[in-house]
Amino acid sequence: MYYIYLVIATAAASFLQVSCWTMTGERQSIRIRSLYLEAVLKQDVSFFDVEMTTGEAISRMSADTVLVQDALGEKVGKYAQLLTTFVGCFIIGFVRGWMLALVMLACIPPNILSFAIMSRLRAQISARRQASYADAGNVVEQTIGAIRTVISFNGEKKAIALYNTLTKRAYKATVLEGIATGLGTGGIFSVFFCGYSLAFWYGAKLIINKGYTGGQVVNVVFAMLTGSMAIGTASPSISAIAEGQSAAYRLFEIMSKEPKIDITDTSGIVLDDIRGDVELNNVFFRYPARPEQLILNGLSLHVPSGTTMAIVGESGSGKSTIISLVERFYDPQAGDVLIDGINIKSMKLQWMRGMISLVSQELLLFMTSIKDNITYGKEDATLEEIKRAAELANATNFIEKLPNAYETMVGQNGAQLSGGQKQRIAIARAILKNPRVLLLDEATSALDVESERVVQEALNRIMVGITTLIVAHRLSTVRNADCIAVVHQGKVAERGVHDDLIKDPDGAYSDLIRLQQAHTEETPEMPYVASSRFKSTSLSLEQSIRDSPRNRRQHSSKSLGLSRSDDLFRHVASREEHLEIGDSEAPKEAPIGRLFNLSRPEAPILLLATIAATLHGLLFPSFSIMMSGGIRTFYYPADQLRKDSTFWALMCLLMAIISLVSIQLEFYLFGVAGGKLIERVRALSFQSIIHQEVAWFDDPSNSSGALGARLFIDALNIRRLVGDNLAVLVQCTVTLICGFGIAFASDWKLTLSIIGVIPFLGLQNYIQLRFLKGFGEDAKVMYEDASQGVAEAIGSIRTVASFGAEKRVITLYSQKCQASMKQGIRSGMVGGVGFSFSNLMLYLTYALCFYVGAQFVHDGKSTFQNVFRVYFALVFTAFGISQTSDMASDSTKGRESATSILAFIDRKPKIDSTSDEGIKLEKVDGTIEFNHVRFKYPSRPDVQIFSDFTLRIASGKRLLHLSERVEVASPQ
């Protein structure tokens with residue numbers, strides 16, 4: 001009955017342990033993610049220039065939080081359980097026989113030393129591996145974020161080579177991790193067997209010389225055995241906690257960092273009203289990423305309230321820098337930036353930015369609807385206010401002709417819209433903010449001549465009474481400004497109105513006009529002509545010709561060496577509208593066999609690793625023979641006791657040597673094979689992804705944020721499945737077969753009586769896996785969805801900061817994570833029920849073994865030694881199988897990840913740049929023809945873009961293709 005009471009208590013405690021710790025891990029992980037996102041978003045722009053690229057920030061968000069969640073979840077509960085078991089067993093051992101327990105305690109310092117060394121090494125190696133993966137993630141962000149640029153310049157091979165170089169570094173770290181884990185785990189098991197060698201030898205001495213009874217020695221040995229086994233099984237938990245600790249250090253390092261310019265700082269001046277008088281007084285400025293280059297050299301500029309100041313100059317003269325300083329993205333090294341005579345450093349930053357609207361030359365739109373993009377200017381805006389802002393920005397016509405009007409999704413980087421359309425939405429967003437100061441940094445740079453004229457008229461209307469700073473290269477757009485300032489080498493070289501400035505033929509402004517006129521003569525700018533010949537039912541040609549915005553960000557990101565824009569890191573913020581493009585659906589079943597085919601080059605290594613795992617699996621069933629024989633020896637006469645105890649002690653020493661060698665080889669060889677597989681899977685996946693047709697990337701699920709997160713998480717899960725879990729599976733299979741073989745050989749009747757409960761365990765494991773699979777798939781999709789929004793926000797940090805959208809982004813992310821957390825909690829509840837039932841059946845099996853065994857011994861059907869041999873065989877078999885307790889969720893995640901990753905590898909692009917098929921011209925003269933072309937974007941099949949489009953561009957000729965703002969014809 002004692003066993004029955006123990007069974008009930010253990011079942012309840014097991015359920016609470018797994019379910020509660022899983023819930024704790026989920027909640028803590030979500031909280032850390034939200035705090036990390038908040039910490040990143042509050043950093044000033046210089047942080048992303050110098051200390052961390054946006055790609056690295058996104059990679060840590062995806063990668064490190066997964067490791068922290070693993071460390072904070074059930075692994076902590078299991079470690080606490082095993083540590084408690086260890087301490088409790090040693091207390092019992094000391095109470096029952098302190099002399100023997102004290103001698104066996106000598107094995108603890110070597111174990112602790114092995115733990116400490118292994119944990120420290122794993123943490124250091126994990127940090128190195130994560131750094132490599134962060135760099136690789138940065139490559140993914142840059143490449144996929146600018147996929148059109150990469151493809152147009154045939155940059156796929158360069159991106160793949162750089163990505164593969166970084167994953168090779170991660171492979172080396174994985175191999176080192178295998179060596180460290182093998183040494184630590186092998187050392188622990190070796191010390192374990194040495195301890196029992198000492199126990200057999202010294203226990204016999206105590207019985208002969210100190211009057212100990214066999215029962216006392218058995219009691220102490222049992223207690224110490226259970227405690228030592230608990231420490232042995234703590235290795236996976238310790239490894240997970242060490243990796244999580246290393247990842248948490250990197251996260252908390254950012255979370256504890258205080259920015260120089262803090263958007264969350266509530267102190268500072270808040271004016272009742274703001275006139276909008278802007279002044280820069282003797283400003284000196286260098287970008288933190290380029291401290292050797294002086295950008296502004298004592299610049300002074302005054303913009304009276306309600307006036308328009310145009311800032312012109314050569315590229316690199318510091319025009320856009322002035323805009324950044326007024327927005328307080330940076331603080332000058334010397335001098336002051338004043339609004340209404342007050343230094344902006346003393347103002348409340350969030351309030352001050354709320355008074356300023358920025359329309360940048362960087363066309364940054366979030367991957368959500370047109371309506372949501374405009375409401376970043378005013379979150380609680382009504383539809384009428386949104387439409388009014390769109391009308392003022394000359395955006396109403398093209399928006400209302402879209403299929404879903406204001407609810408139309410703009411795509412990643414606004415890829416579903418032309419450059420001009422994106423710019424008009426950005427202007428509408430700024431108008432909706434109703435600012436006191438308006439900053440226009442090349443605001444009309446992406447518009448055609450007619451659209452520029454109309455938008456400029458709209459801007460002129462709204463600029464009345466608003467202080468406006470205009471940065472422009474096209475001087476025709478600033479002729480009517482109240483004042484024009486010419487910036488040269490970081491200073492204001494000249495200022496005045498247009499008519500006065502052109503009177504000085506030797507002035508800086510006149511020089512700029514002559515340079516621009518010379519450029520115009522070289523590349524004539526044809527006037528816009530609206531003709532009936534250009535009428536068609538298709539949307540603007542702008543939708544099919546993507547403007548290439550310039551790369552203006554000045555920071556030290558790791559570049560691919562490819563031409564790319566500043567918005568390389570735009571990602572998904574919403575998956576409300578799933579676009580069905582191509583065959584992007586993953587296969588229903590995970591072909592795990594394919595993973596082994598991919599590991600075929602490492603077949604000899606896997607064979608040796610399997611042999612080592614087999615030896616590992618044989619250790620505990622073999623030890624059951626030694627334990628039963630050794631315990632029986634304690635009841636022999638003194639002479640035979642002395643002889644037999646020495647024999648079993650030597651056998652334990654042999655087991656110690658075998659365990660040290662086999663476990664070290666097992667972890668090292670599986671580390672090599674698993675590391676090579678992940679390196680190969682990553683390379684093939686990225687290679688397949690980067691060669692997909694451009695339309696495939698229009699699907700929100702294939703954004704750079706989603707793909708980057710999937711590449712890391714899926715590869716990590718596959719490594720666990722094929723590396724760590726495969727090793728455990730091999731050794732547990734061997735343990736199971738060998739253990740039952742020994743049990744049947746010892747007493748088949750008793751063994752048959754006991755294994756009747758095993759089908760219930762199998763049924764429970766099957767049901768648990770089915771439940772976990774469903775929950776895991778849902779949680780995976782939800783996590784990717786949340787990650788996409790984070791990637792977009794961090795990538796668009798200037799836009800988020802300018803519009804004070806930090807709280808909105810964090811709220812959106814928290815809402816998405818709540819759904820993922822609920823799925824994780826449900827998974828924990830199912831896992832808790834499964835773990836509880838497993839322990840219930842395990843202890844019932846032990847109770848049945850002792851009860852039936854006692855009856856058999858009483859009836860003369862079995863012997864004491866055979867009953868204990870069956871018991872130890874089943875106990876050690878159960879101990880070996882218990883190491884698979886984490887495999888349920890890991891194998892589920894691994895199968896889902898295998899499905900996802902192989903879907904990437906197997907997908908054949910509809911436009912395959914790697915194909916050798918097709919004609920290769922010996923000479924290309926450059927003539928381009930479109931013959932009766934009909935075209936629709938795959939993401940918008942209900943919108944006809946080209947209808948019977950015919951056009952010929954002769955070799956060596958230049959064509960300027962103009963269109964109406966919304967409609968375009970096919971010139972015949």
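Would you point out which residue out of Ile125, Ile151, Ile144, Ile160 is within 26 Å of Ala240 (Cα to Cα) and out of contact with any Cys (no Cβ under 8 Å at 6 or more places or on another chain)?
Ile125
Just to check your reading of the model, which residue among Thr307, Thr368 is of a type in the set (Ser, Thr, Tyr), surrounded by fewer than 20 Cβ atoms within 10 Å (Cβ to Cβ), in contact (Cβ under 8 Å) with a residue 40 or more places away in the chain and touching an Asp or Glu at 6+ places or on another chain (Cβ under 9 Å)?
Thr307
Of Asp724, Asp714, which residue is modelled with pLDDT of 70 or more and either within 22 Å of Ala240 (Cβ to Cβ) or outside any helix (DSSP H, G or I) (or both)?
Being modelled with pLDDT of 70 or more and either within 22 Å of Ala240 (Cβ to Cβ) or outside any helix (DSSP H, G or I) (or both) holds for just one of Asp724, Asp714, which is Asp714.
Considering only segment 341-370, how many residues are over 20 Å from Arg429 (Cβ atoms) and assigned to a loop (DSSP other than H, G, I, E, B)?
Residues flagged as over 20 Å from Arg429 (Cβ atoms) and assigned to a loop (DSSP other than H, G, I, E, B) within segment 341-370 amount to 2.
Keeping to segment 419-439, report how many residues are part of a strand (DSSP E or B) and under 32 Å from the mean Cα position of the chain (by Cα).
Final tally of qualifying residues: 0.
Filter segment 271-287 down to the residues that are at pLDDT below 85 and in contact with a helix residue (DSSP H, G or I) (Cβ under 9 Å, 6 or more places away or on another chain) and list them by number.
Leu271, Ile274
Take Gly335 and decide whether it is at positive phi, modelled with pLDDT of 85 or more and not in a helix (DSSP H, G or I).
yes
Collect the residues in segment 305-317 that are part of a strand (DSSP E or B) and under 14 Å from Glu442 (Cβ atoms), keeping them in residue-number order.
Within segment 305-317, Ala310, Ile311, Val312, Gly313 qualify.
Suppose we filter segment 949-972 for residues that are surrounded by fewer than 14 Cβ atoms within 10 Å (Cβ to Cβ) and either of a type in the set (Asp, Glu) or at pLDDT 80 or above (or both); how many remain?
4
When you go through Lys861, Lys908 one by one, which is the residue that is within 41 Å of the chain's Cα centre (by Cα), modelled with pLDDT of 80 or more, more than 30 Å from Ala613 (Cβ to Cβ) and not in a strand (DSSP E or B)?
Lys908
Here are the criteria: (1) in a loop (DSSP other than H, G, I, E, B); (2) touching an Asp or Glu at 6+ places or on another chain (Cβ under 6 Å). Tell me which single one His302 does not satisfy.
Result: His302 fails condition (1) only.
List the helices (runs of 4 or more DSSP H) inside segment 7-119, counting only whole elements, that have at least 1 residues being touching a residue at least 60 places away in the same chain (Cβ under 8 Å) and of a type in the set (Phe, Trp, Tyr).
The helices (runs of 4 or more DSSP H) meeting that bar are 45-50, 74-96.
Let me spell it out: the conditions are (1) buried (at least 19 other Cβ atoms within 10 Å of the Cβ); (2) within 40 Å of the chain's Cα centre (by Cα), and Tyr212 meets all of them except one. Which number is the exception?
Condition (2) is where Tyr212 drops out.
Inside segment 248-296, can you point out the residues that are more than 29 Å from Ala63 (Cβ to Cβ) and free of Cβ contacts under 8 Å to residues at least 40 places away in the same chain?
Asp272, Asp273, Pro291, Glu292, Gln293
May I ask you to say which residue of Met309, Met355 is in contact with a Cys (Cβ under 8 Å, 6 or more places away or on another chain) and under 27 Å from Val486 (Cα atoms)?
Met309
Considering every residue within segment 606-620, establish whether at least one is assigned to a helix (DSSP H, G or I) and farther than 15 Å from Val730 by Cα.
Scanning segment 606-620 turns up no residue that is assigned to a helix (DSSP H, G or I) and farther than 15 Å from Val730 by Cα.
Can you say whether Gly186 is modelled with pLDDT of 80 or more and closer than 30 Å to Pro637 by Cα, as far as the supplied structure shows?
Taking the combined requirement at face value, the residue does not satisfy it.
Can you pull out the residues in segment 906-942 that are surrounded by 15 or more Cβ atoms within 10 Å (Cβ to Cβ) and touching a helix residue (DSSP H, G or I) at 6+ places or on another chain (Cβ under 8 Å)?
Arg907, Pro909, Tyr937, Pro938, Ser939
May I ask you to verify whether Ser628 is of a type outside the set (A, V, I, L, M) and either touching a Pro at 6+ places or on another chain (Cβ under 6 Å) or under 27 Å from Val730 (Cα atoms) (or both)?
yes
Suppose the filter is touching a residue at least 60 places away in the same chain (Cβ under 8 Å) and touching a Lys or Arg at 6+ places or on another chain (Cβ under 7 Å); does Gly145 pass it?
So Gly145 passes the test.
The values are calculated or read from the model by the stated rules, or taken from the named source; none is laboratory data. Predicted model, so just to flag it, every value in this text is computed and none were measured. Positions of Cβ are backbone-derived with ideal geometry, glycine not excepted, and every protein chain shown enters the neighbour counts.
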